Amino acid sequence: CKSIICIIFKMINRVLLYNSGGGIGDALQTLPLINALKNEFKNANFFYLCAHENHFNLSLKDLNCHIDTLNLDIKYFGFRWWHLLILKEKIKKYKVEKFDLIIDLQSKIRNSLILKMIPHKYFISSCFNFKFSKPTLNIKKMNKINDNILLAVNSILNTNCKLIDYNINNIKDKFTIESKILLPKNNYVGFSISQGNVYRKKEWPLNNIVSLCYKLKQNNKTPVFFIEKKNKELKNKIQELIPYSLFPEHESNLSSPALVACLGKRLDFVITIDNGIMHMLSLSKVPMISLFGPTDSEKFAPQYENSVVLDSKKLYNTKNVAAITVEDVLEAAKRHLNFSY
């Protein structure tokens, strides 16, 4: 049995991961799965294909999780049926070799059918409870995509992979040093309140944040806001309303998700909506209260000790995140994070 498994390992030399999500958060969520696969198939070459850009080699490059980009020169790969008509030509043009394993990290039928045209030996897709996979699987889907895929990998390849959290020590020391310079003291509480996806109303009302910060100040807590440098208007507005707040990214020459992750280690806890910053900060395993409304907290919320989720759908039977009150957040901080008010 061991010899068979060893043969399988030797056969897995090329792995392709397809992620249709365009956000940094979508990429960050796959890190535990990527770490598990790299650990299991140590000699394999890993490639990444997505509808937008390979964040791991661009904005996330400082996390040092390099994965080669599979370039097929097809914009928004998988989102148009006519991609079926041009894919064979692109595969030939770019001399795409056969993959030992292709993993589809999304569940749209169209995207999966197009992806499956790329030459492969094994194919894993969660569509229709993994009926599109090769070989076909009969697996009941779970909420977390990483759990689904890992279960399929273990089933097809007879392995025992386990998810491996990202090790923040992989980040260069300069980001840790900078985070200590920017936040040199204690009693900091982080806030991430701006959304990347403008099509879903995920923002919590600013007046709630002002009230919450006032309560935090009474407990000698300093609010720290994670606002992109380009978003000066929002930064100035918050600074006017909450003059004792800090904006560390605006005080640094460094600009990287790696810095955000390291800053997370300087915080007592974080209050955040569902966005990319939430996933960056979660790399530090900082105690977190995440506020969810229209999006699926079971699917997207970070899972670790002291990660607390407040979901308006569960609390108030509405997708409107504004239904979550200041008192709800304070009670979560008090109950789960050893905070009093």
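Could you rank the peptides 116-125, 212-221 by their average count of other C-beta atoms within 10 Å per residue, with the highest value first?
On the way: 116-125: 18.9, 212-221: 16.8.
So the peptides 116-125, 212-221, ranked by packing, come out 116-125, 212-221.
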Original post:
Looking only at Glu97, Glu203, Glu178, which one moves most when the chain is put into a Gaussian network model with springs between Cα atoms under 10 Å?
Top reply: Glu97
**OP:** Could you list which residues have their amide H under 5 Å from that of Leu16, counting only those 5 or more apart in sequence or on another chain, with H placed in the peptide plane?
**Re:** Phe47, Leu101, Ile102, Ile103
Subject >> Among the listed pairs Lys140/Lys334; Lys121/Lys144; Lys108/Lys299; Lys108/Lys235, those beyond 27 Å (Cα-Cα) >> reply: Lys140/Lys334; Lys108/Lys235
Subject >> Interchain or long-range residues, amide H under 5 Å from Met288's placed H >> reply: Val270, Ser307, Val308
Original post:
Applying the Karplus parametrisation 6.51 cos²θ - 1.76 cosθ + 1.60 with θ = phi - 60° to the phi angles of region 282-294, what ³J(HN,Hα) value in whole Hz is obtained for each residue in order, glycine and proline being reported as x?
Top reply: 5, 5, 8, 6, 5, x, 9, 10, 9, 9, 10, x, x
**OP:** Towards the positive end of the charge dipole of the chain, with charges on Cβ (+1 Lys, Arg; -1 Asp, Glu), say which of Ser179, Leu58, Val15 has the farthest Cα.
**Re:** Val15
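Helix-only estimate, please: 222 nm mean residue ellipticity of the chain, summing -39500 (n - 2.57) across DSSP H runs of length 4 or more and dividing by its residues, to the nearest 500.
Details: 14 runs with 125 residues, N = 341.
Mean residue ellipticity, 222 nm, calculated: -10500 deg cm²/dmol.
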Subject >> Charge-dipole axis of the chain as Lys and Arg at +1 and Asp and Glu at -1 on Cβ define it, positive-most pick from Phe130, Val224, Ala258 >> reply: Phe130
Subject >> Accessible-area value, Trp81, 1.4 Å probe, nucleic acids and ligands omitted, Å² >> reply: 140 Å²
**OP:** Quick one: order Asp100, Asp165 from most to least accessible surface, probe 1.4 Å.
**Re:** Asp165, Asp100
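Quick one: with all protein chains in place, what share of the accessible area of the chain is carbon or sulfur, to the nearest percent (1.4 Å probe)? Show your work: numbers first, answer last.
Numbers: 8290 of 16860 Å².
It is 49 percent, rounded to a whole number.
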Original post:
Which aspartates and glutamates, on any chain, are close to Lys93 with Cα under 15 Å apart, when same-chain ones fewer than 8 places away are left out?
Top reply: Asp73
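How high is the relative contact order of region 238-341, in percent, with contacts defined as C-alpha pairs under 8 Å that are six or more residues apart?
Numbers: 136 pairs, mean separation 19.1, N = 104.
Once divided by the residue count of region 238-341, the mean separation gives 18 percent.
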Subject >> Of the GluC sites (Glu not before Pro) in region 208-283, those whose Cβ has at most 16 other Cβ within 10 Å and which sit in DSSP loop >> reply: Glu228
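Keeping all protein chains in place, calculate the accessible area per residue for region 19-119 (probe 1.4 angstrom), answer in Å².
On the way: 4780 Å² over 101 residues.
Per-residue value: 47 Å².
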Original post:
With the other protein chains left in place, how much accessible area per residue, in square angstrom, belongs to region 229-305 at a 1.4 angstrom probe?
Top reply: 41 Å²
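Taking the Cα centre as origin and putting +1 on Lys and Arg beta-carbons and -1 on Asp and Glu beta-carbons, what dipole magnitude results for the chain, to the nearest 20 debye?
Details: 48 positive and 29 negative charges, 195 e Å.
Dipole size: approximately 940 debye.
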Original post:
region 126-209: which chymotrypsin sites (Phe, Trp or Tyr not before Pro) are DSSP loop and have at most 13 other beta-carbon atoms within 10 angstrom?
Top reply: Phe128, Tyr199
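The values are calculated or read from the model by the stated rules, or taken from the named source; none is laboratory data. Bear in mind the structure is a predicted one, so any value in this text is a computation, not a measurement. No Cβ is skipped: glycine too gets one built from the backbone with ideal geometry, and neighbour counts run over all protein chains shown. Heads up: the accessible areas ignore ligands, DNA and RNA and are worked out on the full protein's heavy atoms, side chains in. Shrake-Rupley method; radii C 1.70, N 1.55, O 1.52, S 1.80 Å.
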